[in-house]
Every structure is written in structure tokens, then in C-alpha cells.
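A short write-up of the structure that comes next.
The values are calculated or read from the model by the stated rules, or taken from the named source; none is laboratory data. Since this is a predicted model, take the numbers as computed values, not measurements. Cβ sites come from the backbone with ideal geometry, for glycine too, and all protein chains shown count toward neighbours.
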Amino acid sequence: MELKSSISEIKGIGAKTAQLFHKIGVYTVGDILLHFPRDYERMPAMETVAELLARETAEGELAAVAGGVERAPVVRNTGRMPITTLTLREGDYTLNLVWFHMPYLKNSLKHGSNWIFLGKLSRSGNRLSLDQPQVLAPEKYQQMQGSLMPCYALTQGLSKNMVSKTVRLALDSLDLGQDYLTEDIRQRQELAEWNFALENIHFPVSEQALAQARKRLVFDEFFQFILAAGLQKNQMEQVKNEFVFAPMEESWAHQVMAGLPYELTGAQKRVLSEIRENMRGPVIMQRLIQGDVGSGKTVLAFLAMVDCAQSGYQSALMAPTEVLARQHYETFVSMCEQFGLRIPVILLTGSMTAREKRRAYDRIQLYSKAIVIGTHALIQERTLFDNLALVITDEQHRFGVKQREKLYLKGAQPHILVMSATPIPRTLALILYGDLDISLVDEVPARRLPIKNCVVNTSYRPKAYAFIRKQVELGHQVYVICPLVEESEGLEAENVTDYAQSLAKELPELAIACLHGKMKGSLKNQIMEDFAAGRTQVLVSTTVIEVGVNVPNATVMLIEDAQRFGLAQLHQLRGRVGRGEAQSYCIMINTGENEVSKKRLDILNQSNDGFFIASEDLKLRGPGDFFGIRQSGLLQFRLGDIYRDGALIKAASQEARLILAEDPALRSAAYECIRKQIDAYLQDAAETVNL
Ligand code: ADP
Ligand code: MG
């Protein structure tokens, strides 16, 4: 079996189970190994009966009670079922242990013997008991206590046990072979071996082993990302700019700026001239534009593309989701019309029919000044640009490096612009985007009112619904976000499917639509268009609308189970409102009890500034919090966290730089394994984030 083998080659995985695995994004044996646990279950500390009974306990809680057998267990037969009971005593405290169908236990639970009883607590009246506890020798339990049980992201029909069993089988039947990292690097950075790391991220034998496993895997993620970017930079650094642009003055871009219903902010103006000068400079542009949600990056992209068209070139804009690509397309078409610009705008997305795509390709061939907008289908299919001068990636995310590589391969080297809302410290940005120059849009349009926030519990819902009704009466629109698409096993959280239905009962006079990533592309588009056009008033959605969506008439963002989202993600979601001139509101419903998540939500409540939020979030997460809630999908790594793991990013960058300095193209035999790993990493570009 190999990493590339299909998941169904693992023993016990039939077609049905394989499909369930596909649902959680697992297709190959390699995928299941990378399906890292979300968290771990820890064995509880041993305690005596008195200790247990003296403290606060919860029904269903796992407890490990140490106790001696003072009186032999009693076996009763009720019906055909033998019930064994044993009472543990300590002073005035007693705890009942109950087993069904296990009369033979009587033989081992001898008078005077000592055991650990591990089971879930149940309560009847005010009597506490352990049902069907495991009986373990104290030494055995001590051993078990160190190990951690993995908890995986699941889907309906796929149980925790099924996933752990499959991971176990995959680990056992794979030959993971040689570690691709050199001994040198591992020693210098104190990194565990790859096979140890994979084993222990899934089945850690101790907290310490988990920490080591995680450190290695996070290092790998950053190392591969940085090395791939560095290799690319070496291959194409300082490409001479052969494009000839029209002079900056009296350009179409100025005409557009003069006609906009607003004036560009100082930051927008500054960044725009950086871009336009760069495109006229001696070398090809490779630039990152960082700006918080709502800072107005889209219009900059438009102006840069208009600049290309005026000079007789094509340009392309890539968006991470179909919804976003279509939205940009609509915006650009209407801006061209409004400003009397005769520029063909062409849409190209994965969900278009073969005929529509063919037509788009034909038009791309035909129009030398076209503005092309699309999803990654743009670069994955045999698109033929013959005159491409600029490629813009909106909402750059973790596959950015791979996708950039693909674009570089497309004939003449175009100017590259990457736009991101991820607020990362400049030092880290320089490492992660080492191959790019950075421009900051560090100002939001002044006319906007700051969003008003509140964090509430579910008892506030009726008020929230009344508020929604009022806002709709004023002509505004509303987003409601739920974490799940459908009901899911073991997860108590709202799902859009049921929520939309019950909301329709609460607010029967409103037009309510439901949107999630599992819908067909064409349906998603229809729903989004209806909302953008104001035909629906309330959109109940998953985080599929997290990035980039712009419907300025929407003024309310209601987020259910808000504590389940990462702060950066909540900030992105909230960025969907407050885009017009009306006052906007963000209502976060906290359904958790956890103190820390309450504090996290308070940070959001206090501030609308992405940078502040990211840094406060970091302070709240302790060093042991490996699996704090995931950050937003922007620049996301599987395990690595750009805020938390700054030190590892620096270490990875150091090692990558050493290698590149010595062997810029990674040709030497010493780096053969690393080269192969990076090739595989870059090849993996087919992986699109199709939210
Ligand atoms: P983001 O940076 O998050 O991509 P957008 O480009 O989508 O933000 O802009 C958000 C909204 O702000 C849009 O409706 C856009 O028309 C508007 N906008 C952009 N620049 C300005 C400005 N200088 N003044 C007022 N509104 C602006
Ligand atoms: Mg945007």
C-alpha cells in the first residue's frame, strides 16, 4: 500500500464507508494520515470514592475510581440478564458499580483486591454510580493514563472508532520509508522523525510525544511552504519587464477614479501608485496587498486591470470561490458600463457548462484587452491567454504558492498581484511571502460607521428575530451563519438546513434562503444572485460566504454558536456587513459555557480591528493549546498557526534559506529527498478549496 492508494484498499473499507470518508475530504491513504485529530481525550486522574463524591461531577463524565473490594459483589438475575453490583465504601461515602451480563466478574473481584474502575458516571436521585466500568489493575491504568485518544472531525454515519481504526490500519500497513528531512536539520531544530510524528499525532503515548509530533509536522508545513516559494523566486527573480504601458497620466484609471461615488482613501491611492509604477518599472511586479476586510481592495484590482486594458493587454483575477468570482464579474461589468469603458469582461468558473467554457476560451483568444475573472478553473484547465500582462489572486490562501507556480508556467511572465485580508505581523509576512513586495491598505473608508456588536445567549433569540424584522422593514438585508450544513453526529450545533426552516416559521413574511458549500455551483450562484439583487432578505449560510462577499445593503450579521469559530474567521464573517453607509450590527450567539471562549468573543465585541483581534487572541491561547479553534481559511495550514508558531516559522525559514543558499535549484544528491517532497507538494495543486 502507498500514500497514493485509494482509501478503499484498507481492510474493512467498502464502497459505502469510502464515500463517507470522501465527505470529510479523505480519498487516499495519505489523506487519512493527514486527517489530524481535532483534539484528544485524556484519561481522568485516579481518585478515591470520597474525592469523587466531594467534588462537582457531571452526568456521563468519565471517572477513574480507585477502590478495594471489601465485600464480594452481588449477582442478581432479573429476567435473563444477570446484574452484578459492587459497592465501594470510604467513610460515609459509597459508590455503586453496576455491570450487566458479566456474572464472571465475581471471580476476579476478590475480597481485599484493589482496582481502578473506569467508566461513565450516572446519577439516579442523588445516588451516584458507575455503569459498566472497565476493571483495571492500578499499574495498567497508570500506563494508560499517559496516552491520549484522538477525536476526529466526523460526518454522519462515520464514527470516531471507525476513523481511529482506519488510521491505525493505515499506519500499520504503510512503509513510511526514509525521512525526507536531513539528519542535520532534525538535530539542529530538535525535530522528531517523520514516522514518529505521524504515529504520535494520531495516537500520542504521552503529552510530551504529542508536543514533539506536532512540532515536527508544523515545521514541515512551514518548511515546505517557504522552500517552495523560495525555489520559485530563484527561478524567476528579476524577470525583465517587457510590457509597454501607457503613461500614467490621463489614463482610463483616472477617468474611473473621477467618476467613483467615493474618493479613494489615502492608503488606496498610495497602493495604487505602487502597483501602477511597478507595472511600468524595469522588473516584473510580484506584490502582496494586505488590507483588512472592507478596506477596499477590489477597486484597486479593477483599476490595475483597466490600466492593462488601456495598454492593450489582458489581465486575470482569480477568486477562491465561485460565489466571489461571480460577484467580481458582476461588479466589473457594471463598472465598465458605467464608465463607458469598452473592455470585454469574461467569466470562467468550474461550474460553467462545457459550451459556456468553450465560448469563454474563444473570447479570451479573440480579445487582446480582456479582463478575465474566474475561480481556479482559470489555471487548471487549458486556458489560453496570448496576451496576459497581469494576474491577481484575491483572498490568497494556503495553496497560493502552488497556484502561483502554475501561473508562472503560462508562457510569458505576467505581473503578479496577491490580495489578502489576513492580518499578520510584517516580519512573518516577509518570511511567508518572501517572494513578494508588500503594500498595505492600512485605512478603511472614513464615511463608514463602525459596526455595533453584541455577544448574547440563546434567550436573546426572540429579540434578535424582532430586530431582523425591523431592519428588513427598513429595506436592509440579513445574514445568519450556522456552523453546520446538516445535522451531524456528536456535534450539538445549529445547521443551516433545519435553521432556515424554523426561521421561516418565526418570520413567515420574510424571504429566507439557505446556502452551503455542498450545493451545486449553479444553485449557489442563483441563491447568491437573488440575495445580491435583494430578492431574498435573509440568507442562512455556512461560512461559505466568509470571504469577500460584498452586498452593501446587508446590515445584520447573526452568528449562531459563535464560540465554535476562530476569531479571525468571525472577523471575516462580520466583514460582510458594514460595507455601506447604514449602521450595521453583528450579533454573536454564544451557546458554550467555556470561560475562555467567552473572553475570546469579548475581544471581538470590543474591536473591529483585525490586527488587534489577532494579537489579543494569541495572548489568550496558552502554550499547551495546540488545537485552539482554527484560524480563518486564509493562509491556513493544517496544524500550523501563523500567530502561535512564529518561532517555528522562523526556524523553518532559516533552514530553507541555508539550503537555497547552498543549492539554489536543489539539484545536489544530498537534497534529493527534499526536492522530491517539494515536487510532490507543488504537484498537489489540484487541491482547490471549493467552499
Ligand atoms: P475588501 O478590501 O474587503 O475586499 P471591498 O473591496 O469589497 O473590500 O470593498 C468594500 C466596500 O467598500 C465596497 O462596497 C466598495 O465599493 C466600498 N469602497 C471601496 N473603497 C471605498 C472608499 N474609498 N470609500 C467608500 N467606499 C469604498
Ligand atoms: Mg475582497
Practice item. Of the numbered conditions (1) in contact with a helix residue (DSSP H, G or I) (Cβ under 8 Å, 6 or more places away or on another chain); (2) of a type in the set (A, V, I, L, M); (3) not assigned by TED's automatic domain parsing to the domain that holds L436, A211 fails exactly one; give the number of that condition. Key: (1)
Point to revise | Entirely in segment 461-554, the helices (runs of 4 or more DSSP H) that have 1 or more residues that are buried (at least 16 other Cβ atoms within 10 Å of the Cβ), within 16 Å of ligand 1 (Cβ to nearest atom) and within 28 Å of the chain's Cα centre (by Cα) | key: 521-532
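Conditions tested, residue by residue: (1) modelled with pLDDT under 90; (2) on the phi > 0 side of the Ramachandran plot; (3) surrounded by 15 or more Cβ atoms within 10 Å (Cβ to Cβ); (4) not in a strand (DSSP E or B).
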position	(1), (2), (3), (4)
W99	no, no, yes, no
K106	yes, no, yes, yes
L118	no, no, yes, no
L130	no, no, yes, no
Q143	yes, no, no, yes
Y180	no, no, yes, yes
Review point. So, in segment 413-458, of the ones that are within 16 Å of ligand 2 (Cβ to nearest atom) and outside any loop (DSSP other than H, G, I, E, B), which residue ends up surrounded by the most Cβ atoms within 10 Å (Cβ to Cβ)?
Key: L417
Exercise for review: Specify the residue that is modelled with the highest pLDDT; the eligible residues are those in segment 524-557 that are within 16 Å of ligand 2 (Cβ to nearest atom) and among the β-branched types (V, I, T).
Suggested key: V551
**Study point:** Candidate set: segment 290-323, residues that are in a strand (DSSP E or B) and either acidic (D, E) or touching a Cys at 6+ places or on another chain (Cβ under 9 Å) (or both); chosen: the one nearest to A533 (Cα to Cα)
**Key:** S315
Exercise for review: Those residues that are over 22 Å from I7 (Cα atoms) and more than 27 Å from the chain's Cα centre (by Cα), I need them from segment 144-179; list them, please.
Suggested key: M144, Q145, G146, S147, Q178, D179
Review point. Mind checking whether some residue in segment 221-238 is away from ligand 2 (no atom under 16 Å from the Cβ), buried (at least 20 other Cβ atoms within 10 Å of the Cβ) and not in a helix (DSSP H, G or I)?
Key: no
Review point. Which numbered condition trips up D131, out of (1) over 18 Å from A50 (Cβ atoms); (2) out of contact with any Gly (no Cβ under 8 Å at 6 or more places or on another chain)?
Key: (2)
Point to revise | Of all residues in segment 303-358 being hydroxyl-bearing (S, T, Y) and within 24 Å of R276 (Cα to Cα), the one that is surrounded by the most Cβ atoms within 10 Å (Cβ to Cβ) | key: S315
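Which is within 30 Å of V163 (Cα to Cα), hydrophobic (A, V, I, L, M, F, W, C) and not in a helix (DSSP H, G or I), of L210, L191, L217? Break it down into steps so the answer makes sense when it comes.
Working: L210 fails: not in a helix (DSSP H, G or I); L217 fails: not in a helix (DSSP H, G or I).
Only one candidate qualifies: L191.
Would segment 337-357 turn up any residue that is within 14 Å of ligand 2 (Cβ to nearest atom) and over 28 Å from I451 (Cα atoms)? Reasoning before the result, please.
Taking segment 337-357 first, the residues within 14 Å of ligand 2 (Cβ to nearest atom) are none.
No, that holds for no residue.
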Check your understanding: Quick one: how many residues across segment 452-490 are farther than 20 Å from Q572 by Cα and either touching a Lys or Arg at 6+ places or on another chain (Cβ under 7 Å) or among the β-branched types (V, I, T) (or both)?
Key -> 3
Practice item. Would you check which residues across segment 299-327 are modelled with pLDDT of 95 or more, within 16 Å of ligand 2 (Cβ to nearest atom) and of a type in the set (V, I, T) and list them? Key: V299
Check your understanding: Could you say whether any residue in segment 245-261 is part of a helix (DSSP H, G or I), more than 38 Å from the chain's Cα centre (by Cα) and of a type in the set (A, V, I, L, M)?
Key -> yes
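Residues are listed down the side, and each one gets a yes or a no for (1) at pLDDT 70 or above; (2) assigned by TED's automatic domain parsing to the domain that holds L660; (3) not β-branched (V, I, T):
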| residue | (1), (2), (3) |
| --- | --- |
| D386 | yes, no, yes |
| R404 | no, no, yes |
| Y408 | no, no, yes |
| A412 | no, no, yes |
| V418 | yes, no, no |
| A421 | yes, no, yes |
| T427 | yes, no, no |
| Y433 | yes, no, yes |
| L436 | yes, no, yes |
Point to revise | S273 over 30 Å from V444 (Cα atoms) and among the hydroxyl-bearing types (S, T, Y) | key: no
Point to revise | Pairs where the first residue, in segment 496-511, is assigned by TED's automatic domain parsing to the domain that holds I468 and the second is in a helix (DSSP H, G or I) and at pLDDT 95 or above, C-beta under 7 Å, 6+ apart | key: E506/Y465; L507/Y465; L507/I468; L507/R469; L510/V472
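Just give me the residues in segment 26-56 being among the small types (G, A, S) and exposed (fewer than 13 other Cβ atoms within 10 Å of the Cβ), in sequence order.
A45, A54
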